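Structure, as structure tokens:
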Amino acid sequence: MTVRKSVLWFGEQMEIKLKENDGRQGWGHSDLEWLCRRIADERNELKRAIATKSDMEIIGECADVANFAMMIADIASRGTERHNGVNDKFRWAKYGTGGHPRIGLDGERTEP
């Protein structure tokens, strides 16, 4: 798979923001609801940055929003105890069972 230059660049921006917090505990055991609230907080900061028209602030806040979304996706992809019915064999299209289709590690969709 070829990754777009803009995706690679933005991934670097995300990593820069993550490195600013390297001294903190990782997100592996974070509560998903808390992470969702953090996305909302960061979205509000992004709206304020857009109002200031500061490109650097906008980029940084976009990276913050994306990092919290990545954390949620990372936790969901590992099938933690937080997600009933999720195991290592499958990655879920949406967390939990709830009748959502499953995506196997090979990328193939299967219905529950």
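Any residue in region 48-68 that is aromatic (F, W, Y) sitting within a Cβ distance under 7 Å of a residue that is in a helix (DSSP H, G or I)? List the pairs, counting only those 6 or more apart or interchain.
F68/L35; F68/R38; F68/I39; F68/E42
Within region 17-36, count every residue that is in contact with an Asp or Glu (Cβ under 9 Å, 6 or more places away or on another chain) and among the basic types (K, R).
Just the residues of region 17-36 that are in contact with an Asp or Glu (Cβ under 9 Å, 6 or more places away or on another chain), to begin with: 17, 27-28.
Still in the list and also among the basic types (K, R): 17.
Selection size over region 17-36: 1.
Regarding region 86-106, can at least one residue be identified that is at pLDDT below 50, farther than 20 Å from W9 by Cβ and over 21 Å from the mean Cα position of the chain (by Cα)?
Narrowing region 86-106 to residues at pLDDT below 50: 86-106.
Going one step further and asking which of them are farther than 20 Å from W9 by Cβ, we end up with 86-106.
Keeping just the survivors that are over 21 Å from the mean Cα position of the chain (by Cα) gives 99.
Yes: one or more hits.
May I ask you to list the residues in region 4-44 that are part of a helix (DSSP H, G or I), acidic (D, E) and loosely packed, with under 14 Cβ neighbours inside 10 Å?
To start, the set of residues in region 4-44 that are part of a helix (DSSP H, G or I) comprises 5-19, 32-44.
Subsequent filtering for residues that are acidic (D, E) retains 12, 15, 33, 41-42.
Across region 4-44, the qualifying residues are E12, E15, E33, D41.
The values are calculated or read from the model by the stated rules, or taken from the named source; none is laboratory data. On a predicted model such as this, the values are computed, not experimentally measured, just so you know. As a convention, Cβ positions derive from the backbone with ideal geometry for all residues, glycine included, and neighbour counts pool all protein chains shown.
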